[in-house]
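Chemist: Quick one: the structure is below, and I'll ask about it shortly.
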Amino acid sequence: MANGQRRKLAFRILIIPLTLIAFALYMYFSEGITTIGTVFRTLNYKYVLCAFGVFTLGLLCEQASVAFMRHHYQKRFPFWYVTHSTLLADFWELITPGTFAFGPITQVQCMNKQGIPPSKGAAVMLVNQSCSMISITVFPLFLVFMNISYLSERMNWILWVFFALAMSVNLATVFIYMFVPRQDKFFIKVGSGIIRFLHKIHIIRKEERRDVLLKKTEDQVTKLKSNMVNLDYKAYEWIISILIMIGYRICIYSVHYFSALALGIDCTGKFFVLMAAQAIVNNISSALPIPGGLGITDMAILLIFNPIIGNVSSVNFMMLFYRIITYYYPLLLGAIMLFFKIPTGGGKLERLDGYTEIGDQNEKTQH
């Protein structure tokens with residue numbers, strides 16, 4: 001690993017204790033040590049365990065989706081292998097911007113060590129990512145539509161604007177994945193038009209930079225088209241994976257409900273409202289390339305949940321529990337996975353036709 005890469009990795013890992021300190025300071029100055037002590041003494045830990053339980057179930061749904069897509073190519077493999085690679089991928093995604101795609105790359109490398117050629121491993125992750133994007137658009141839209149009258153009375157119009165922009169980004173991503181095999185020239189034309197417009201209004205100032213972005217846009221669309229065309233998954237496999245990922249979303253969005261119950265907040269009739277509110281938060285944070293949605297997620301929770309709960313102090317603690325359960329908990333699980341070697345199963349694991357380890361390919365290229 002180069003020195004520059006080591007410094008970047010050290011900085012990203014340093015984010016973890018820094019965020020913990022920031023949260024501790026925020027809670028101390030906003031609530032006070034007496035209030036914090038009282039809350040934790042009167043906390044209903046049964047519901048805290050329920051919150052951890054539903055999130056853990058969500059992690060299992062995420063792993064089941066990857067395992068189901070992997071089974072299309074490799075019929076026999078221990079589920080533990082998927083658990084290991086998924087938790088490891090989640091760790092890297094939580095400390096790096098999602099646009100870096102460290103999570104999918106980690107998954108592909110792990111599958112490669114376990115007998116799957118890189119091209120098929122990339123296909124597994126491409127389909128899984130596509131199904132995840134569909135679940136984060138279709139299901140939240142359904143939840144928001146169910147609770148639109150309740151939310152519209154309590155949410156600021158600015159939050160609706162941010163939600164609409166985030167949903168537009170996610171929908172555009174889904175449409176690109178779906179239609180790029182047949183409309184690649186259209187997407188290249190749209191992307192090139194946006195880049196030329198930004199150059200014309202001097203946001204992209206240098207012509208060399210404009211030309212590089214134009215070439216990169218064409219290359220990326222062409223590559224995505226090639227990958228999507230070569231996928232050999234059947235329609236029912238896509239549908240099952242989307243349903244599994246919707247199950248994952250249900251679990252994630254339910255965490256706030258159980259956190260509220262743990263704090264003794266009356267949530268009668270608010271289960272789907274709280275799920276819809278968290279769906280809005282997730283869409284806003286997922287549209288921005290920030291590790292774990294740090295800062296953005298917390299601000300959105302405060303702004304969206306405060307009118308629903310009606311108590312800033314309660315929302316602060318709900319935000320704290322949400323961060324512990326959905327950020328630090330999977331971060332800890334992923335960090336534990338770092339101490340385990342990628343399981344390979346020795347000679348018992350099925351190796352697919354055309355299998356070559358990525359390392360072997362690099363060596364052949366160098367020679």
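The values are calculated or read from the model by the stated rules, or taken from the named source; none is laboratory data. Keep in mind it's a predicted model, so treat the numbers as computed, not measured. Using ideal geometry, Cβ is built from the backbone for each residue, glycine included, and neighbour counts are taken over all protein chains shown.
Chemist: Considering each of 123, 166 in turn, give the residue that is out of contact with any Ser or Thr (no Cβ under 8 Å at 6 or more places or on another chain) and in a helix (DSSP H, G or I).
Modeler: Just a single option satisfies the conditions, and that option is 123.
Rundown of residues vs (1) within 25 Å of residue 280 (Cα to Cα); (2) surrounded by fewer than 20 Cβ atoms within 10 Å (Cβ to Cβ); (3) not aliphatic (A, V, I, L, M), yes/no style:
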| position | (1), (2), (3) |
| --- | --- |
| 89 | yes, no, no |
| 109 | no, yes, yes |
| 128 | yes, no, yes |
| 151 | yes, no, no |
| 157 | yes, yes, yes |
| 165 | yes, yes, no |
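Chemist: Quick test of your reading of the structure: residue 90 fulfils all but one of (1) closer than 23 Å to residue 343 by Cα; (2) in a helix (DSSP H, G or I); (3) over 20 Å from the mean Cα position of the chain (by Cα). Name the failing condition by number.
Modeler: (3)
Chemist: Going residue by residue through segment 130-143, is there one that turns out to be surrounded by fewer than 18 Cβ atoms within 10 Å (Cβ to Cβ), among the aromatic types (Phe, Trp, Tyr) and within 21 Å of residue 245 (Cα to Cα)?
Modeler: yes
Chemist: Let me ask something additional. Looking at segment 234-282, which of its residues are assigned to a loop (DSSP other than H, G, I, E, B) and more than 12 Å from residue 51 (Cβ to Cβ)?
Modeler: Taking segment 234-282 and keeping what is assigned to a loop (DSSP other than H, G, I, E, B), we get 234, 263-270.
Within segment 234-282, 234, 264, 265, 266, 267, 268, 269, 270 meet the criteria.
Chemist: Identify the single condition in (1) at pLDDT 85 or above; (2) assigned to a helix (DSSP H, G or I); (3) surrounded by 15 or more Cβ atoms within 10 Å (Cβ to Cβ) that residue 219 does not satisfy, given that it satisfies every other one.
Modeler: (3)
Chemist: Restricting to segment 321-362, count the residues that are exposed (fewer than 10 other Cβ atoms within 10 Å of the Cβ), over 17 Å from residue 70 (Cβ atoms) and at pLDDT below 60.
Modeler: So the answer is 2.
Chemist: In the set 121, 53, 58, 115, which member is of a type in the set (Gly, Ala, Ser) and either at positive phi or touching an Asp or Glu at 6+ places or on another chain (Cβ under 6 Å) (or both)?
Modeler: 115
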